Structure formats: C-alpha cells, structure tokens
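Below is one structure, written out as structure tokens; the observations come after it.
The values are calculated or read from the model by the stated rules, or taken from the named source; none is laboratory data. The model shown is predicted, which means the values in this text are computed figures rather than measured ones. Here the Cβ positions follow ideal geometry from the backbone for every residue, glycine too, while neighbour counts run over all protein chains shown. With ligands, DNA and RNA removed, areas are computed over all heavy atoms of the protein, side chains included. Shrake-Rupley method; radii C 1.70, N 1.55, O 1.52, S 1.80 Å.
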Protein chains: 6
Amino acid sequence: MTVYLTRRLTFNAAHKLWVSEWSEERNLATFGKCANKNWHGHNYQLFVTVKGQPDPLTGFVMDAKELKDIVEKEITNVLDHSNLNLDVPFLPKGMQPTTENLAIVIWQQLLPFIKGCQLHCIKLTETENIFAEYYGE
Amino acid sequence: MTVYLTRRLTFNAAHKLWVSEWSEERNLATFGKCANKNWHGHNYQLFVTVKGQPDPLTGFVMDAKELKDIVEKEITNVLDHSNLNLDVPFLPKGMQPTTENLAIVIWQQLLPFIKGCQLHCIKLTETENIFAEYYGE
Amino acid sequence: MTVYLTRRLTFNAAHKLWVSEWSEERNLATFGKCANKNWHGHNYQLFVTVKGQPDPLTGFVMDAKELKDIVEKEITNVLDHSNLNLDVPFLPKGMQPTTENLAIVIWQQLLPFIKGCQLHCIKLTETENIFAEYYGE
Amino acid sequence: MTVYLTRRLTFNAAHKLWVSEWSEERNLATFGKCANKNWHGHNYQLFVTVKGQPDPLTGFVMDAKELKDIVEKEITNVLDHSNLNLDVPFLPKGMQPTTENLAIVIWQQLLPFIKGCQLHCIKLTETENIFAEYYGE
Amino acid sequence: MTVYLTRRLTFNAAHKLWVSEWSEERNLATFGKCANKNWHGHNYQLFVTVKGQPDPLTGFVMDAKELKDIVEKEITNVLDHSNLNLDVPFLPKGMQPTTENLAIVIWQQLLPFIKGCQLHCIKLTETENIFAEYYGE
Amino acid sequence: MTVYLTRRLTFNAAHKLWVSEWSEERNLATFGKCANKNWHGHNYQLFVTVKGQPDPLTGFVMDAKELKDIVEKEITNVLDHSNLNLDVPFLPKGMQPTTENLAIVIWQQLLPFIKGCQLHCIKLTETENIFAEYYGE
C-alpha cells in the first residue's frame, strides 16, 4: 500500500534569464522581458511529494512536520528572498534559473535528506499559469 | 482512449492523532499539537478520479452527477461534521485518521460502488499545504 | 492618505454549536449537523486589516511581519489545533463559536495590541462558502 | 532528465449535452439540466503539459511563451466565447462536448504543433468540482 | 455590534451581450466576442452579504443554511444552467445580462426574502478577472 | 444605482526595501530579508475598482475590456518584469516600493485615465498573505 504525501511551501525570489555567451540582442530575442537586466521576481510554490507505506501506528508515510522542517532548512530558507542567479550555492554556475532547472536542482539537493520513504516528485509553480514537475529521471 | 475524470467534494470533520498504547508524553512528542486532547478539525477536499473510455453517445466516462451521488452517499455524508476518531464505521478501530490512512480507507470503501469504469485515485487535501494520494496498490 | 493593510493567517480548530439550556432535539433542529455531539472542525482563514498612513521612510502602515507576530501570539497560537468550545480563554463561557462571534471576540482580543495605526476589520472564513466580517461597532 | 512543463490557459464557452437520436425526455433523463435547450456555459481552464529535457543553454523544455502562443492560436482563440456544439470546426459532428471528449479533441488538434518535446497531458477543468485528463492513449 | 455574514453560491449559465436596436456591426464593435451569436458562458460565483447583530443564544446574524436555501430557491436554481438572455423571468426584457446588471437584479429579487437582518451586498464574479458589487443604492 | 466593477490584472516584479540614509545594519534590522541586497520578487495581483451607473443600453459601468487596456498600458506593462526600485518612472525617487506605497502611486497614475465613471479602489496583493487597499484619500 503506497501512499503519496505532498507538502506545499512557498518562497519569493528574483531572477532573470540570460546566457552570458550571447549578445544582449540574442538574449532579448530568446527570453523577451524575462531577460530585463534589473531582474524580476515571483512567488514560487514548491510541492514536495514523497511516497511510502503509512506506519501502522502513526499512520504517517513521513511526519509532515518533519518534511516541512527539512525542506525549509535545505531549500526554501536558502531560496526565499534570494536572487536565484546570484545567491544560491547549490545552483550550478551558468545554469538558467528556469522553473524546469530549479525543479531538477531542488530534487538533487533534497534527495539525501529524505529518509524512511522515497522522494517522488518536485513540482514548482512560477505563476498561476506555469509550473514544472520532475520525478528524478 | 482512456480519459481520467475527477470529481471534487468537501467535508468538514474533527480528529486527533493519538496512539492509545503510548503515554501522553510520547503522543505529544510524536504528534505535537495534533494530539491535543479536545480535538481539532479541517475542511477536507476529496478528489475522486475514475478512468475509462468515454461512451460514444453520451461522451461520459461516468456520469459526473452519478459519481457525486455515490461519493456523497458512501463517503462524505458519513464523514461530514463527524469526529473521524469516533464516528466513522468504516475506519478500523485504532487506525490513525491521518490524511494517508483516510485516503486508503476511502478507496476501499468506494471501490465496490464504481461500476462501468475503474477507480484510479483518491486524493485528499487536509489543508492548503498537505495532501495525500492513493492509487489502490 | 489612508491605506488599508491586510495580513492573512490560518488556524485549524474543532467546534460545535450547542445551547446548553436547550434539549438535544431543539439543538439539532436549530443547528443541524453543526450540533453533532463529537464535534467537527474547520481550516479557518483570518484576515486582519489595519489602516493608517504609510511611514515616509519605511513605506509601512505597520510592519507586516510585526502584525503577523502579534496576531500569532495573541490569536492564532491560542486557537490553532484547539477546541473552540472548550479551550479558548478569551471566548466568553456559553458564547457560541460561530464565525460571527469569533470575529467579534478576535477583534476585542487584538485591539489593545495594535499600536501606531488603527484596527479596521476582522474577516474570518470558515469554509470556502462562508465568512464573517466585523468592523468594531 | 525528463521535466514536465505545464501552461494554463482559459476560455469561456457555451454548450449543452444532447443526443439528437434521442427524445427530449430521454435527453433530460440522461443529462438533467445539462440538456436545457437554450444552452449554459463555463469558464474552462486548460492545462497543457509537455515533457522533455531542458535545453542546456536556455533551461527550457519548451519556451513557455511559444507554448502559450501555439495553444492560443490552435485551441483557445477558437474555443473562447464560442458555442462548443455549433462553432468548433475540429469537434466531430455529433460528438458530445463533455469535458472528457473536449480533452481528447484538444490533444488531437494540438499534437502536430508540439515540436522539440512531447505532448504529455491535456487537463481540462469545467468547474471547480470537475475535470478530465487525457494522456494520448 | 454589527457583523457582516457572507455566503458563496455558484451557477453556470450562457449569455451574450447584444443591443437589439443596433446593427450586427455596431454590436460587434461594442461588445467584441461577447456578442458572438451562438452564446458563450461562465461559471458565476455569487456572494450574498447580510448584516446584523448576532443572536445572543445562537450566535447567528442569520442561519447560514437558511440563507443558502433562500438564495438557491430564489436565485441560483433559476439561473443555473440557464440562458441569461432568454430564460430568466426576473431579468427585465432587453436588459443586458452584464455582471453589473445581474448584481442589481439579484439584489432586487432577493431583498423581500431577507428577514431579521439586512441585505448588505451582492457580489458577482464572472471570471477570475472580473466582478461587480451592488449595495442597494 | 451605483455598481462597483473590478478588473484583476497581474504583474511579476523584483524589489527590495532599503532606506539609503540608513546603515546596512539598520536596514536589515528594520526590513529583515526584504532588504537582501540582490533583490527578491513577487507575483503581484492588481484589482482596480471603478464605480458608476450601468449604461442603460450596454449594461456597462465601464467596458471591462477598455478598463483592462488602460490599466495594461498605464500600469502593468510598465511594472511587469521590472525592478520596482530602479525601473518605474512614476515611482518617486527614494519611495519604498511597499505594497502600501505601490497602491497609492498606481491610484495617482491611473486616475487621469478613468473617464465616464469614478476610480474607487486600488487593491494590490503581494503574496497570498499580504495585500493593501487605497481609496484615494
């Protein structure tokens, strides 16, 4: 009996999309206003899903409070009120902070800390109209 | 051509998390304020997903009104304004009413009543930050 | 230049509606399933609105973080995971914990702690379909 | 590394459910008020999900702006403020405009225009309580 | 002590905007795609607000269940799955079914049925981006 | 018969809170992580409310499409994907881009363009937990 448990957390951050090897023209042609030089930002919603069997006594796949504490410590406390291009140690240099790439990096960063059940999905919403999901493969 | 059809229903209920074999201390250490003795409660949202082929004439995988009637009769009329620890006949004695366990029990209770298509998923949201999903295995 | 600033906080609690001077019959006739003896509960959303002039330097009517801290300390830490009929010191004995009465009592409890601007409105949502607002008079 | 990228778009349309080979009585018995002769309507939300590997330079599975432009041109500009029974060229004659069938038809209509990654899912919400998902098989 | 109590209800309906004294050209120039001849539709959300003093025993400004029953009987059962231009007896002939006019007409239709407290506001949302409010004057 | 009509628009922007006359220490003590030097950002929701009498023929207080066009041209096209501290011509130099101040400045910027009815309220939500409202006085 595998149950999927999801915890939502939020963070607010600045970013821009910019390939440093490209000219300003090519950046603006590719990324539009997402390449504006003085940054813009979003209220991100992060949904972390783990899967496993509920414990026969507690009924928990994982203690949702503990899951929240881990995600806050490892991910959202680092990302909240940050500049995703400049301030995030675990974002590889030069990697675009798109929703897609952020989902992958958050997965990789979080994976070692999920114990006793399995990390299943990282879903990240950038606006009410755009989100990305990554399942680890 | 398999389409997945989902119907949302809501119910409001009280519960607490408590292992009767444990001391009050261990319960509070494990469950925090979820173990408060006088109960607390939630506005639950239940998403029932069935899958199948749309009927060539009606275009229905299942009549959504009929699905709603079945879920109300078998599940939400029983759970709404109830105490999940004390009042629910189909919740096994001593089973913690966590979101995870509730999703499993709702699946088992609903399964015999879904005819002409297949039950696919029970998703239950406890707050805007926590939800569980169960796919029957 | 008067600006209205609103902070949302949430709490989850159990309650029931019951007039102790009345028979069970009359209670059930009046309150329906809201009078079920073993309680039910809700995810409440509390919107606290203050009004005033933004400070010329900080741009704050009130520091939203400070407003959050006050409301948490005085209100939501007390109400969260509580039984509103049994556990809340500032709810007068015998007062029904309806959304309407809760809004009034939260106003009265919070008023002495709002300094440097004015408390304007307490809005409390009980479900996605019901909410109450109180403006202090 | 496969990431799933989703774009939400909206459209507002009228429809009714009606099998022309059936009597009015049988239509009303089957579809209830959804068969009312003068139509009714909905605010639809369409979620289009594509999957693929993020581009190493841009970080895009697909440019979300380009995805939006394609879905608007091929789907929502056609469906918005339309009558789904009468006005939609790509809806087969006599096919019921249920959420299920609309999801299938939107998939088929959109598929040829998704290049460089794969169409993964069409999710269509009809109301806050009903939605359908189609994965192309 | 005046408290404002609000109940949300929903209905789904078709309409179009069209002045019969005008040419098709002028209608399309004025109303754009809202004038499309085969109708379109919306999921409306109706928020009915009443105000009054909570009853000392029940804590109710008005029984929210009773308020719901009245609004369903007098308003949403009539409007749900209807064509707002053709099917609504209480909408004056030739009156455009805009959100603004609907709010006024719903107020007038509901007013005689609110007893023991005062009708305060009719709020009607047409889409997630547009709503109208009417306070009776 | 005065009806209030509201249009929602969104924009995504970066900002920080920082008083240039103050030391870094005092800024961090006052604004916390909102003063982080490399900016952060938000998905803002802007609700513009106008009031007036519905036109007897069109049923419009104001054409909601026209209202949208004006707000886009004068406000959200300027603010979207901008840095609120650096890029906004109509934001007075040194004024903190708090939600409160932004609401005032948007009011002042928009007022001359609202014709045939009255601007009533600017509501700006910064996160799901914080919003400000300004009524012009």
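Points to keep in mind about this one:
Yes/no matrix, rows are residues, columns are (1) surrounded by 21 or more Cβ atoms within 10 Å (Cβ to Cβ); (2) touching a strand residue (DSSP E or B) at 6+ places or on another chain (Cβ under 7 Å):
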position: A:Q96; (1), (2): yes, no
position: A:A103; (1), (2): yes, yes
position: A:I106; (1), (2): yes, yes
position: A:F113; (1), (2): no, no
position: A:Q118; (1), (2): no, yes
position: A:I122; (1), (2): yes, yes
position: A:N129; (1), (2): no, yes
position: A:Y134; (1), (2): yes, yes
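- Of all the residues in the range F:1-12, those that are open to solvent by 10 Å² or more (accessible area, probe 1.4 Å) and away from chain A (no Cβ under 14 Å) number 4.
- Of residues in the range E:36-48 being free of Cβ contacts under 8 Å to residues at least 40 places away in the same chain and surrounded by 18 or more Cβ atoms within 10 Å (Cβ to Cβ), the one nearest to C:K16 (Cα to Cα): E:N43
- Those residues of the range F:75-86 which are farther than 30 Å from F:M1 by Cα and either of a type outside the set (G, A, S) or open to solvent by 60 Å² or more (accessible area, probe 1.4 Å) (or both), in sequence order: F:T76, F:N77, F:V78, F:L79, F:D80, F:H81, F:N83, F:L84, F:N85, F:L86
- Those residues of the range C:121-137 which are closer than 17 Å to C:T76 by Cβ and not aromatic (F, W, Y), in sequence order: C:C121, C:I122, C:K123, C:L124, C:T125, C:E126, C:A132
- Scanning the range E:57-87 for residues that are touching a helix residue (DSSP H, G or I) at 6+ places or on another chain (Cβ under 6 Å) and among the aliphatic types (A, V, I, L, M) gives E:V61, E:I70, E:I75.
- Residues (over 24 Å from the mean Cα position of the chain (by Cα) and part of a loop (DSSP other than H, G, I, E, B)) located in the range C:20-34: C:E21, C:W22, C:S23
- Residue in the range C:58-74 that is open to solvent by 30 Å² or more (accessible area, probe 1.4 Å), under 24 Å from C:F131 (Cβ atoms) and over 19 Å from the mean Cα position of the chain (by Cα) present: no
- Residue check, F:L28 surrounded by fewer than 20 Cβ atoms within 10 Å (Cβ to Cβ), of a type outside the set (S, T, N, Q) and farther than 25 Å from E:T127 by Cα: yes
- The set of residues from the range B:85-113 being touching a residue at least 24 places away in the same chain (Cβ under 8 Å) and within 11 Å of chain A (Cβ to nearest Cβ) comprises B:G94, B:Q96, B:P97, B:T98, B:T99, B:E100, B:L102, B:A103, B:I104, B:W107.
- So A:E74, is it under 29 Å from F:V88 (Cβ atoms), charged (D, E, K, R) and free of Cβ contacts under 8 Å to residues at least 60 places away in the same chain: no
- Restricted to the range A:1-19, and to residues there that are assigned to a loop (DSSP other than H, G, I, E, B) and touching a helix residue (DSSP H, G or I) at 6+ places or on another chain (Cβ under 9 Å), the residue that is modelled with the lowest pLDDT is A:M1.
- Scope the range F:58-80; condition farther than 23 Å from A:C34 by Cβ and within 12 Å of chain E (Cβ to nearest Cβ); matching residues: F:T58, F:G59, F:F60, F:V61, F:M62, F:D63, F:A64, F:K65, F:E66, F:L67, F:D69
- Assessment of the range C:13-35 against the conditions (in contact with a Lys or Arg (Cβ under 9 Å, 6 or more places away or on another chain), in contact (Cβ under 8 Å) with a residue 24 or more places away in the chain and within 11 Å of chain B (Cβ to nearest Cβ)) yields at least one matching residue.
- Residues satisfying the stated conditions in the range F:31-65, i.e. closer than 18 Å to F:T125 by Cα and of a type in the set (S, T, Y): F:Y44, F:T49
- Close pairs (8 angstrom Cβ cut-off, 6 or more residues apart or separate chains): under 21 Å from C:L84 (Cα atoms) and within 13 Å of chain E (Cβ to nearest Cβ) in the range C:114-137, hydrophobic (A, V, I, L, M, F, W, C) and open to solvent by 50 Å² or more (accessible area, probe 1.4 Å) anywhere: C:Y134/E:M1
- Qualifying residue in the range C:87-105 (condition: of a type outside the set (S, T, N, Q), farther than 26 Å from C:N27 by Cα and at pLDDT 95 or above): no
- Taking (1) open to solvent by 30 Å² or more (accessible area, probe 1.4 Å); (2) within 23 Å of the chain's Cα centre (by Cα); (3) away from chain D (no Cβ under 14 Å); (4) under 23 Å from D:L86 (Cβ atoms) in turn, E:K51 satisfies each apart from (4).
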